[in-house]
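K.L.:
The structure's right below; bear with me while I get my questions together.
No lab work stands behind these numbers, since they all come straight from the coordinates. Not measured: the values here are computed from a predicted model. As a convention, Cβ positions derive from the backbone with ideal geometry for all residues, glycine included, and neighbour counts pool all protein chains shown.
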Amino acid sequence: MKKTKLPKLFLMLALVVGLCVVQPRLNAQQDRQPAQQQQPDASNQAAQSSMTSQAGEQQTFSGKVAKAGGKFVLKDTESKATYVLDDQDKAKQFDGQEVKVSGSLDPQTKTIRVASISPGS
């Protein structure tokens, strides 16, 4: 009976020693992976923060107010870009006219947060 317990004891001891050797290597690999994954995220955050700072800046846009998709938009004649105007009531007053819009641009949604609209020259 003692003969059968001895090989099982050696097998268990070998398994425990093997796990002790392998476990630190697995932990080291797991520690390296998050550091590699964080770097691209940091660059994405920098790009997003620069877009946010651009979005918060007051700018002047020129173009023609028109209705597209049920909303009033500004069609920029120079860049051929179209921007949604967030203040639909102000925009309605200038439907079909050349205007200058002062506001901040949200580049992701292409929406201008209107501060003011005045007739263009």
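K.L.:
Filtering the range 84-116 down to residues that are touching a residue at least 40 places away in the same chain (Cβ under 8 Å) and touching a helix residue (DSSP H, G or I) at 6+ places or on another chain (Cβ under 9 Å), which residue is nearest to V65 (Cα to Cα)? So that I can check it myself, show each step before the final result.
P.N.:
First, pick out the residues of the range 84-116 that are touching a residue at least 40 places away in the same chain (Cβ under 8 Å): 100-108, 112, 115.
Retained after the next criterion (residues that are touching a helix residue (DSSP H, G or I) at 6+ places or on another chain (Cβ under 9 Å)): 101, 104-108.
On the way: V101: 10, S104: 17, L105: 16, D106: 18, P107: 19, Q108: 20 Å.
Filtering first and then ranking leaves V101.
K.L.:
While we're looking at this one, here's another question. Those residues that are more than 11 Å from G63 (Cα to Cα) and aliphatic (A, V, I, L, M), I need them from the range 78-116; list them, please.
P.N.:
V84, L85, A91, L105, I112, V114, A115
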